[in-house]
Structures are given as C-alpha cells and as structure tokens.
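Visitor: Sharing a structure below in structure tokens format, with a few things to ask.
Just so it is clear, none of the values below were taken in a lab; they were calculated from the coordinates. Because the structure is predicted, anything quoted here is derived from the model rather than measured. We place every Cβ from the backbone using ideal geometry, glycine too, and count neighbours over all the protein chains shown.
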C-alpha cells in the first residue's frame, strides 16, 4: 500500500518554524536549465542568473503551513543572461542547499514578472512564500 501521510497545520507550522532560521542571511539563487533531481544534487551545466540575499531573519513565523520571506536584497547586476527556470535556497555559508523549486510567470514556486534575465540587470523578488504541503508520502 502506498504511503498516505497527512500533516496537521500545527505539524506543518512546527516544521517550517524549525526550517526558517536555516535560511537566515542565506541566498536565493536563480538558474537557467534543468532543475536538478534534488536540492542535494550539485549544479551541473546550469547558469547562475541572479543571486539575491535573504534577510538576517529570512522568514516570519509560519501560519497555515506557509512561511513568508522578509525583505530580500536585490541582485544589483545579474552575472549572466538567460531564461530563469528554477531557484535554490541556501544557508548563509552559500554552499548548503535547503530547498529548490521551479520559476515561472504564474503558479510556480517562484513567480517572476519576466523569465528573461539580462547580464548587468537588476533582479528583484518583491515577495516569496514557501509552503509545506499537507500531503506527504
């Protein structure tokens, strides 16, 4: 029989409240190309399009299974041009991956107003939320 774990809102909030501080002073990196199989999979051939810095307190307290990012520092000058396809959140050491997700114009994990990023351009994320799904395996 397949797993059918479901988490209560209290459990989701507790997990997110434990995860959120791991991202303090961390990074939100946006890449082109294919998203790796897992956040533990090293970057291989994808181009870093933007690196934004998360706040010293990256996220507020969880509510309804969601954490909302505090202010995110813009990438003042994108290092490369390309089409944004996915992102990765890292700890403040810049090497330890926490999670990643897809990028798009609507309904993706990270929604941008344009997927086209040009070298030297300013890149900003005005708001970001991370949701822990109700359903697990």
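Visitor: Based on the Cβ-Cβ distance of residue 126 and residue 96, what FRET efficiency does E = 1/(1 + (r/R0)^6) give at R0 = 25 Å, to the nearest 0.05?
Guide: Approximately 0.45, to the nearest 0.05.
Visitor: Run the helix sum for the chain: -39,500 (n - 2.57) per DSSP H stretch of 4+ residues, divided by residue count, reported at 222 nm to the nearest 500 deg cm²/dmol.
Guide: Taken over the chain, the calculation gives -2500 deg cm²/dmol.
Visitor: If you don't mind, there's one more thing I want to ask. Could you state the number of Å between the C-alpha centres of region 101-137 and region 51-97?
Guide: Using only Cα atoms to place each centre, the spacing works out to 10 Å.
Visitor: Compute the Cα gyration tensor for the chain, then decide on rounded, prolate or oblate, letting a ≥ b ≥ c be the square roots of its eigenvalues: rounded whenever a/c is under 1.5, prolate when a/b is larger than b/c in the other cases, and oblate in all that remain.
Guide: prolate
Visitor: Is the shape of region 64-124 best called rounded, prolate or oblate, per the rule: a/c under 1.5 gives rounded, else a/b larger than b/c gives prolate, else oblate, with a ≥ b ≥ c the square roots of the Cα gyration tensor eigenvalues?
Guide: Oblate is the answer for region 64-124, as a/c is 1.5 or above yet b/c matches or exceeds a/b.
Visitor: Give the relative contact order (percent, whole number) for region 9-131; include only Cα pairs under 8 Å separated by 6+ residues.
Guide: Averaging sequence separation for qualifying contacts and normalising by length gives 29 percent for region 9-131.
Visitor: How high is the FRET efficiency between residue 119 and residue 64 when r is their beta carbon distance and R₀ equals 35 Å, given to the nearest 0.05?
Guide: 0.35
Visitor: Rounding to the nearest 10 and keeping the result within 0 to 90°, find how far the Cα-based axis of helix 9-19 lies from the longest principal axis of the chain.
Guide: 40
Visitor: Note down the nm distance, to one decimal, between modelled labels 7 Å out along Cα→Cβ at residue 40 and at residue 7.
Guide: Result: 1.8 nm between the two label points.
Visitor: Let me ask another. If you take every DSSP beta bridge whose two residues both sit in region 1-125, what share of them, in percent to the nearest 5, is antiparallel?
Guide: Taking every DSSP beta bridge with both residues in region 1-125, the antiparallel ones total about 90 percent.
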